[in-house]
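> Handing you a structure now.
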Amino acid sequence: MKGFSIKTEIQEYDTFEQFADDAEIGENDLVLCGEHTFNKYIAPLNTGVQTLFREKYGKGEPTDGMVDEILNELRDKTYNRIIAVGGGTVIDIAKVVAVAENDDTVDDLYDKVGSLSKVHPLIIVPTTCGTGSEVTNISVINRVSKGVKMGLADPAMLADSAVMITNMLDSLPYKIFATSSIDAMVHSVESFLSPNGCSISRIFSTEALKTILKCWKKSVETKGEDAWKTYAADFLKASNWAGLGFGYAGCAAVHACAYPLGSVYHIPHGQSNQLMFKDVMKMYKKIKPTGRINDLETIIAESLSVTPENALEELYSLMDKVLESAPLEEFGVKKSDLPIFAKDVIKTQQRLLKNNYVELSEEQILEIYKSAY
Ligand SMILES: [Fe+2]
């Protein structure tokens, strides 16, 4: 049985400058980020770091083509540490680059999974409050060449340091806050319910969920797109704790069912989770109404000051106020896709499905898609 451990050193700073001074970042470091982030936080420090700007390689979440192009570009560069400053895409790319030998492609890395080793020390500075990816060993790449979005997970992909700096969230647009905090909420719920969790991982999942729900509630009551910023430090911590929870216990059916929506229809990761969340939970309740899901309802009830019987419905309604949900049909999803998605999920997402609260058949997954449609 595996034990719970945190291998990534987690540091907290007030400003990027303080971190840059302490870490003595300089010309031997490669900073992977968006150009806007570089200009705002890093360029004024004149550190002389080498840079790689993600937007040069394409928009949206990472694809195998995008990462292969980056690996190609880096072949001629000499650098030691990789410092990833960004959201899920930047972090996922950096984790892959950190374990790639000079001639590796993305396909090679998937073939070598389980025996990868760290080539460059990796420091991650998240600029969203969602993925928790700074403390997990997983990168999710849309393998366009294989028509599937799937995780690449190896212990070597864990960051050496995760650096948490609240003011990195300053310029986060509302929609990215909303989708990333929904992602973190789903991480906390899926890892809490996972049969592969342990008492310690559930402490992180529970605290993450409580913090997100309380801060969502206060933000929604305050109204205004910037209301969440009062609680930015809490959202950032909660996304990190949820990462520690799911880094051990795993995510499950919500993420598994959401992946085809991301790979085929390019719905952002957190939003695609939102679209599947309610119907996966309803299926869980239908199949196994008593069990750990009742502990989850109690946590939600206490956080939102409602009764356990209404807890999940109140959560769906609160999430809808954070970001309005809609049926899959409104995102252009074709009805004829649903059986294909259900089959693909069973075929390609067993890494996640093994963490389900209850086992789900292909027919039940299809039923979930139909309910969300
Ligand atoms: Fe996620």
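> When both residues are 6+ apart or on different chains and their Cβ atoms are under 6 Å apart, which pairs have a first residue that lies in segment 68-81 and is more than 20 Å from Leu109 (Cα to Cα), and a second that is modelled with pLDDT of 95 or more and of a type outside the set (S, T, N, Q)?
Close Cβ pairs satisfying both conditions: Tyr79/Leu30.
> Moving on. Are there strands (runs of 3 or more DSSP E) fully within segment 64-171 with at least 1 residues that are under 22 Å from Glu17 (Cα atoms) and under 19 Å from the mean Cα position of the chain (by Cα)? List them. Spell out the reasoning first.
Values: elements: 82-86, 122-126, 138-143, 148-153, 161-165.
In segment 64-171, the matching strands (runs of 3 or more DSSP E) lie at 82-86, 122-126, 161-165.
> Same structure again: What pairs come out if I take residues in segment 284-297 that are farther than 21 Å from Cys257 by Cβ and pair them with residues that are modelled with pLDDT of 95 or more and not basic (Lys, Arg) whose C-beta lies under 6 Å away, six or more apart or interchain?
From segment 284-297, the pairs are Glu297/Pro308; Glu297/Ala311.
> Mind listing whichever residues of segment 1-25 are farther than 20 Å from Phe204 by Cα and in a strand (DSSP E or B)?
Looking only at segment 1-25, we keep the residues that are farther than 20 Å from Phe204 by Cα, and these are 13-25.
Of everything in segment 1-25, just one residue is farther than 20 Å from Phe204 by Cα and in a strand (DSSP E or B), namely Tyr13.
> While we're on this one: Residues in segment 263-299 that are buried (at least 20 other Cβ atoms within 10 Å of the Cβ) and under 21 Å from the mean Cα position of the chain (by Cα): how many?
Count: 17.
> Residues that are under 26 Å from Lys146 (Cβ atoms): find the helices (runs of 4 or more DSSP H) completely inside segment 268-373 holding 1 or more of those. Explain how you work it out, then say what you get.
Numbers: elements: 269-287, 292-304, 311-322, 337-348, 350-353, 362-372.
Result: 269-287, 337-348, 350-353, 362-372.
> Moving to a separate point now. Output the residues belonging to segment 257-270 that are more than 11 Å from the ligand (Cβ to nearest atom) and of a type outside the set (Phe, Trp, Tyr).
Applying the first criterion (more than 11 Å from the ligand (Cβ to nearest atom)) to segment 257-270 yields 257, 260-261, 263-267.
Residues satisfying the conditions are Cys257, Pro260, Leu261, Ser263, Val264, His266, Ile267.
> Please enumerate the residues belonging to segment 222-254 that are over 13 Å from the mean Cα position of the chain (by Cα) and of a type in the set (Val, Ile, Thr). First the steps, then the outcome.
Kept after step one, since they are over 13 Å from the mean Cα position of the chain (by Cα), are these residues of segment 222-254: 222-235, 237, 248-249, 253.
Listed by number, the residues that qualify are Thr222, Thr230.
> Give Val96, Val144 a once-over and let me know the one that is away from the ligand (no atom under 16 Å from the Cβ) and out of contact with any Gly (no Cβ under 7 Å at 6 or more places or on another chain). Talk me through it step by step, then tell me what you get.
Numbers: Val144 fails: out of contact with any Gly (no Cβ under 7 Å at 6 or more places or on another chain).
When all the criteria are applied, what remains is Val96.
> So, one more: Kindly indicate which of Ala162, Ala100, Ala178, Ala94 is assigned by TED's automatic domain parsing to the domain that holds Ile267, small (Gly, Ala, Ser) and at pLDDT 95 or above.
Details: Ala162 fails: assigned by TED's automatic domain parsing to the domain that holds Ile267; Ala100 fails: assigned by TED's automatic domain parsing to the domain that holds Ile267; Ala94 fails: assigned by TED's automatic domain parsing to the domain that holds Ile267.
One residue alone meets the criteria, Ala178.
> If you scan segment 28-63, which residues turn out to be of a type in the set (Ser, Thr, Tyr), without any contact (Cβ under 8 Å) to a residue 24 or more places away in the chain and not in a helix (DSSP H, G or I)? Before the answer, list the steps.
Filtering segment 28-63 down to residues of a type in the set (Ser, Thr, Tyr) leaves 37, 41, 47, 51, 57, 63.
Subsequent filtering for residues that are without any contact (Cβ under 8 Å) to a residue 24 or more places away in the chain retains 51, 57.
Answer for segment 28-63, where residues must be of a type in the set (Ser, Thr, Tyr), without any contact (Cβ under 8 Å) to a residue 24 or more places away in the chain and not in a helix (DSSP H, G or I): just Thr51.
> Show the residue pairs meeting these rules: Cβ distance below 6 Å; 6+ apart or different chains; first residue within segment 243-262 and farther than 18 Å from Val148 by Cβ and assigned to a helix (DSSP H, G or I); second residue of a type in the set (A, V, I, L, M) and at pLDDT 95 or above.
Partner pairs satisfying both residue conditions: Gly243/Val135; Leu244/Val135; Gly247/Val135.
> Related question: Just checking, how many residues over segment 210-239 are assigned to a helix (DSSP H, G or I) and farther than 11 Å from Met185 by Cα?
In the first step, residues of segment 210-239 are kept if they are assigned to a helix (DSSP H, G or I); the result is 210-222, 227-239.
Among the residues that remain, those that are also farther than 11 Å from Met185 by Cα are: 214-215, 217-222, 227-234, 236-237.
Matching residues across segment 210-239 total 18.
> Something else now. Going by the structure shown, is Leu352 in contact with a Cys (Cβ under 6 Å, 6 or more places away or on another chain), closer than 27 Å to Ile176 by Cα and not acidic (Asp, Glu)? Break it down stepwise before answering.
Details: in contact with a Cys (Cβ under 6 Å, 6 or more places away or on another chain): yes; closer than 27 Å to Ile176 by Cα: yes; not acidic (Asp, Glu): yes.
Against the criterion (in contact with a Cys (Cβ under 6 Å, 6 or more places away or on another chain), closer than 27 Å to Ile176 by Cα and not acidic (Asp, Glu)), Leu352 qualifies.
> I'd like the full set of residues that are surrounded by fewer than 18 Cβ atoms within 10 Å (Cβ to Cβ) and under 23 Å from Val97 (Cα atoms), limited to segment 11-22. Reasoning before the result, please.
If we filter segment 11-22 for residues that are surrounded by fewer than 18 Cβ atoms within 10 Å (Cβ to Cβ), which is where we start, we get 11-12, 14-15, 17-18, 21-22.
The one that is surrounded by fewer than 18 Cβ atoms within 10 Å (Cβ to Cβ) and under 23 Å from Val97 (Cα atoms): Gln11.
> Here is a further query. Do we find that Val186 is within 14 Å of the ligand (Cβ to nearest atom), surrounded by 22 or more Cβ atoms within 10 Å (Cβ to Cβ), modelled with pLDDT of 95 or more and not aromatic (Phe, Trp, Tyr) in this structure?
Details: within 14 Å of the ligand (Cβ to nearest atom): yes; surrounded by 22 or more Cβ atoms within 10 Å (Cβ to Cβ): yes; modelled with pLDDT of 95 or more: yes; not aromatic (Phe, Trp, Tyr): yes.
Criteria met by Val186.
The values are calculated or read from the model by the stated rules, or taken from the named source; none is laboratory data. No experiment lies behind these values; they were computed from the predicted model shown. Every residue, glycine as well, gets a Cβ built from its backbone with ideal geometry; the counts of neighbours run over all protein chains shown.
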